[in-house]
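A short worksheet on the structure shown next.
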Amino acid sequence: MAAVNPETVPLNTESVLNINMSHVIRLTSSNYLMWSLQVHSFLDGHGLSGHLDAAATVPAATTAGQPNPTFVKWSRQDNLIYSALIGTITVTLQPLVSRTTTASQIWTKLASTYAKPSRGHIKQLKTQLKNFTKGPKSIDEYVQGITNRLDQLAILGKSYDHEDAIELILDGLPEDYKTVVDQIEGKDTPPSLTEVHERLLNQEAKLLSVVSTTAQHSVSPISANNIQQRNNKSSFANNSYGNTKTGSRSSFGSRHDGTNWPPQQSPGHSDNRGVKPYLGKCQFCYVQGHSARRCPQLQAVHAVSQPGSSTPFRSWQPRANLVTNAP
């Protein structure tokens with residue numbers, strides 16, 4: 001029997017549906033269940049799910065030696081479905097179906113790869129469920145991770161009982177969720193997965209609220225302390241500056257003779273190295289505040305004994321000599 005080329009056979013294009021699966025999730029190695037459900041329901045809604053069944057009857061290519069219009073229609077429709085299916089598979093998985101030629105062959109190949117109930121695959125999924133815990137994951141991520149593995153086991157014909165599935169979810173929760181776990185386990189009838197998920201989300205929101213409030217309280221005293229320290233430093237600087245301007249005893253201290261230090265400057269004087277007052281006692285009259293060189297009593301005595309002299313004594317002359325020479 002000669003092969004029939006559908007392209008050479010006239011056909012009303014209105015009888016062939018153009019398949020657009022852009023809304024279908026792309027198949028990965030971990031979402032076969034949802035992908036297959038979405039694709040099958042979409043094609044079934046258009047009455048085309050028979051193209052996925054390898055056991056379905058395919059129309060004969062010819063009738064009475066002539067091309068069979070029914071086969072031509074089926075072939076064109078199958079090609080459109082085949083192309084749409086390829087578009088829903090991620091690039092990394094497309095080599096798996098590179099040798100297929102019909103939509104049913106794609107469907108069978110993917111089912112045998114991801115839905116084959118091999119002992120190793122089933123054991124691997126059960127081990128993952130046993131060791132799966134919440135950890136740093138959010139409740140959404142945690143529950144989704146468990147339900148995805150339960151769905152894969154269901155595809156493989158090894159579905160978990162509903163009560164066992166609830167127990168798996170509760171066993172992987174940390175101590176912070178103990179209150180909710182006790183409430184759920186205390187019920188006579190296990191709640192639905194949706195109800196468990198909702199309760200865990202509510203508990204997660206409460207825990208996040210407590211953490212946020214605790215963080216705010218722990219930061220506030222530190223901020224207040226920093227502000228107080230800055231105020232204290234500012235007050236200290238202002239007081240020190242004010243005391244220096246008024247000439248009162250400041251934090252810089254005073255000298256042992258009662259005078260302030262550093263010495264006060266006259267207004268407009270920019271040199272910090274001003275003349276320091278004499279802080280000792282006179283060697284002649286023992287009055288504090290001047291030396292014998294500038295002693296008025298000694299100058300009066302010397303003026304009487306040596307008229308015309310402006311200097312009472314040399315800087316090195318002892319006081320005993322001065323007294324001896326005095327009248």
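The values are calculated or read from the model by the stated rules, or taken from the named source; none is laboratory data. Everything numeric in this text was worked out from a predicted model, so none of it was measured. Positions of Cβ are generated from backbone atoms using ideal geometry, with glycine treated the same way; all protein chains shown enter the neighbour counts.
Numbers below:
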| item | result |
| --- | --- |
| For residue 164: the one exception among (1) modelled with pLDDT of 90 or more; (2) under 26 Å from residue 27 (Cα atoms); (3) charged (D, E, K, R); (4) part of a helix (DSSP H, G or I) | (2) |
| Residue 101 vs. criteria free of Cβ contacts under 8 Å to residues at least 60 places away in the same chain and outside the structural domain of residue 198 (by TED's automatic domain parsing) | yes |
| Test: residue in region 126-144 that is in contact with a Pro (Cβ under 9 Å, 6 or more places away or on another chain) and of a type in the set (Val, Ile, Thr) | yes |
| Residue 86 farther than 26 Å from residue 159 by Cβ, modelled with pLDDT of 95 or more, in contact with a helix residue (DSSP H, G or I) (Cβ under 7 Å, 6 or more places away or on another chain) and of a type in the set (Val, Ile, Thr) | yes |
| Long-range neighbours under 6 Å by Cβ, at least six apart or interchain, first residue closer than 17 Å to residue 178 by Cβ within region 198-214, second part of a helix (DSSP H, G or I) and of a type outside the set (Phe, Trp, Tyr) | 199/180; 200/139; 201/139; 203/180; 204/139; 207/176 |
| Close pairs (8 angstrom Cβ cut-off, 6 or more residues apart or separate chains): within 18 Å of residue 33 (Cα to Cα) in region 128-147, β-branched (Val, Ile, Thr) and in a helix (DSSP H, G or I) anywhere | 129/146; 143/169; 143/196; 146/169 |
| Region 89-102, subset buried (at least 17 other Cβ atoms within 10 Å of the Cβ) and out of contact with any Asp or Glu (no Cβ under 6 Å at 6 or more places or on another chain), residue nearest to residue 30 (Cα to Cα) | 89 |
| Selected residue (only one of 70, 113 is modelled with pLDDT under 95, part of a helix (DSSP H, G or I) and over 28 Å from residue 147 (Cα atoms)) | 70 |
| Only listed residue being closer than 25 Å to residue 49 by Cβ and within 32 Å of the chain's Cα centre (by Cα), chosen from 102, 133, 90 | 90 |
| Hits in region 42-67 - residues which are assigned to a helix (DSSP H, G or I) and surrounded by fewer than 11 Cβ atoms within 10 Å (Cβ to Cβ) | 45 |
| Selected residue (only one of 111, 103 is among the aliphatic types (A, V, I, L, M) and within 18 Å of residue 34 (Cβ to Cβ)) | 111 |
| Residues of region 109-159 that turn out to be of a type in the set (Gly, Ala, Ser) and closer than 27 Å to residue 181 by Cα, as a count | 5 |
